[in-house]
1. In the range B:75-93, is there at least one residue being closer than 23 Å to residue B:50 by Cα, more than 12 Å from chain A (Cβ to nearest Cβ), open to solvent by 20 Å² or more (accessible area, probe 1.4 Å) and without any contact (Cβ under 8 Å) to a residue 60 or more places away in the chain?
2. Residues being surrounded by fewer than 24 Cβ atoms within 10 Å (Cβ to Cβ), closer than 17 Å to residue B:32 by Cβ and within 7 Å of chain A (Cβ to nearest Cβ): count how many of those fall in the range B:106-135.
3. If you go through the range B:55-103 one residue at a time, how many are at positive phi and hydrophobic (A, V, I, L, M, F, W, C)?
4. Does residue B:328 satisfy being closer than 23 Å to residue B:96 by Cα and surrounded by 16 or more Cβ atoms within 10 Å (Cβ to Cβ)?
5. Scan the range A:8-42 residue by residue and report those that are over 25 Å from residue B:158 (Cα atoms) and part of a loop (DSSP other than H, G, I, E, B).
6. Going residue by residue through the range B:260-281, is there one that turns out to be closer than 30 Å to residue B:59 by Cα, under 24 Å from the mean Cα position of the chain (by Cα) and in contact (Cβ under 8 Å) with a residue 40 or more places away in the chain?
7. Can you name the residue in the range A:136-179 that is touching a Ser or Thr at 6+ places or on another chain (Cβ under 9 Å) and open to solvent by 20 Å² or more (accessible area, probe 1.4 Å) and, of all such residues, is farthest from the other protein chains (Cβ to nearest Cβ)?
8. Identify, from the list A:208, A:274, the residue that is part of a helix (DSSP H, G or I) and surrounded by fewer than 17 Cβ atoms within 10 Å (Cβ to Cβ).
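The values are calculated or read from the model by the stated rules, or taken from the named source; none is laboratory data. Everything numeric in this text was worked out from a predicted model, so none of it was measured. When we count neighbours, we look across all protein chains shown, and the Cβ atoms used for this are built from the backbone with ideal geometry, even at glycine. Only protein heavy atoms, including side chains, enter the accessible area calculation; ligands, DNA and RNA are left aside. Shrake-Rupley method; radii C 1.70, N 1.55, O 1.52, S 1.80 Å.
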Number of protein chains: 2
Amino acid sequence: MTNTETRAGFTSPELTELLSGEMRKRWSAAAERTEQMAGYALLAPGKLLRPMLLLASAEATGGDSTHLLPAALAVEYLHVATLVHDDIIDDDELRRGRPTVHAHYGTSDALVAGDFLILNMVSTLAECTAVPPEAVLEAARVLATAGSDVCRGQVREAGLVGDLDCPVEDYREMVRLKTGALFRGACRAGAVLSGATRDHVEAATQYAEHLGLGFQIFDDLLPYLAASPTTGKPATSDVANMRPTFPVLVGYQSADQADRRQFVEALSGRMPAAESHQVMRELLVTTGALDLSRARAADEILEARESIAGLPGTAAVDLMLAIADLSVDRNR
Amino acid sequence: MTNTETRAGFTSPELTELLSGEMRKRWSAAAERTEQMAGYALLAPGKLLRPMLLLASAEATGGDSTHLLPAALAVEYLHVATLVHDDIIDDDELRRGRPTVHAHYGTSDALVAGDFLILNMVSTLAECTAVPPEAVLEAARVLATAGSDVCRGQVREAGLVGDLDCPVEDYREMVRLKTGALFRGACRAGAVLSGATRDHVEAATQYAEHLGLGFQIFDDLLPYLAASPTTGKPATSDVANMRPTFPVLVGYQSADQADRRQFVEALSGRMPAAESHQVMRELLVTTGALDLSRARAADEILEARESIAGLPGTAAVDLMLAIADLSVDRNR
């Protein structure tokens, strides 16, 4: 990630070191199996994006993120919990090249490990004793709501499997819940914890709304961009799970009958995944859906940038702008 | 449940009506599938024991439970979440004669429904706005810790499958986590939320510790007592899952070699469940384990009763005593 060093101490490499150091301190010497599983999930390679956004949001809105490290970890616990459970649901054996928690420890224990992480989110957030308790409580509400939204999004997503007639708006609402919620939660919680004004809390939240959608649209595109995308899941995962994603829905809507039949076939699960993926890629190019989606993602990122343009904490704002830009960068 | 009416308004029928009425109000008109699943799980027949304990604990320690209804619901959400996930793990099709959530809605959605319930525990607890925020935050810590303990207990329990050599002490520690934790959480949270003194919080917690163990030992016994026990799960569930329970471990420890071989065979999963169950029952009688366990459960209940004997809120104390007695009553 670009090193934006406009103020000593608030750069992404330093935040990453701070966050991963604290994560290691807490989880690398886990004695009990439950904690070992949590540690395995948490200490996997990851960008710690949501914790970083929580801290950045606190600073961007003019506050101090110094005592908010536990809160930042808490949002990562919630995020990783959803990944653990998602991987069980999608039956994915690998995440970022490593065996998933359930592949390594078994499904039953992995299920419990995810629950353990959600509960640790609460107790860890509550460690922020330097923050007024009403603010910590509000942050707890914000993160719990974010988590509930992720759940709603997951259930909606399951209901969309194989449904190419799904209106793009419905898909966008599902994304707002499934992916946007944790970005929203991280940014809003950060602002709340650092005592931001109502307007500033809303600005940080708006940033996250747009970031979340842009991020997900681009995430949906990645399997279809050039070779070796660096996503968390295999490139064929969406077609293999018969999941219509943003570019697929956009493409289907504007496709003629012949192409529509091809979309249906590619998403049917009847073809081998690699073949479906190839067919899908061609359709997205010829229908213009690839370009349209890339433009839409870029628009959302612009909106994200505009939401926080006027906030006082300039070093943190720079970091959030960099994060926004990177979310639609192939090499993220 | 015995109607202890020592003070108008704080009896179990009234509390049950209050709690189930609020539960219905919140969940019976669920619009979205995620909420429908939560409602299905929550509105199932149940004694609402833990919510009742939270409210009783608040009153017993001299406080007012009037504004604690959301907190009481919250602990039930956490409890039911663990049941939803437990049923997935144990692959139980029925709970109290109804299809389990995953049997009804599918495993993936049920998994998410459990997460949704845990997260709702947090946001609902936070509705207690009449309570000082530091007390609500402390209650959140208490319930999150209780939930984490349940997770640890579940993982330990999974590790004990088929292990007849498990020391009774280890089993007891697992129970303390898996079953005791939510009783502990409910009672402690209730006391904390109503502003109880430190000693009173500890008294309520001790009550719950003993209640939890007594409850679980008796729960382990129920499948082996007379015909048609009214437990949540089928009588053959423990042997079918090769799970050594309290009376089984006690019996095995004191058994001779011939009987030990029978214990091993009955828990091996090699015999049909109904037959295993029958063999096990006879062994528990002949080794004296049935009687020993029943006596141990009764001892724990006595300790529970003694823990709260001196607390000021006498109506609530009476209710808690009645709950303790009922937990080792076959007709509970």
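1. Within the range B:75-93, none of the residues are closer than 23 Å to residue B:50 by Cα, more than 12 Å from chain A (Cβ to nearest Cβ), open to solvent by 20 Å² or more (accessible area, probe 1.4 Å) and without any contact (Cβ under 8 Å) to a residue 60 or more places away in the chain.
2. Number of matching residues: 3.
3. Within the range B:55-103, the subset at positive phi is B:62, B:91, B:96-97.
Subsequent filtering for residues that are hydrophobic (A, V, I, L, M, F, W, C) retains none.
Number satisfying all stated conditions: 0.
4. Judged against the criteria, residue B:328 is a match.
5. The answer is A:8, A:9, A:10, A:11.
6. Taking the range B:260-281 and keeping what is closer than 30 Å to residue B:59 by Cα, we get none.
Checked against the condition, which is being closer than 30 Å to residue B:59 by Cα, under 24 Å from the mean Cα position of the chain (by Cα) and in contact (Cβ under 8 Å) with a residue 40 or more places away in the chain, the range B:260-281 yields no hits at all.
7. Per the criteria, the residue is A:162.
8. On the way: A:208 fails: surrounded by fewer than 17 Cβ atoms within 10 Å (Cβ to Cβ).
The unique qualifying residue is A:274.
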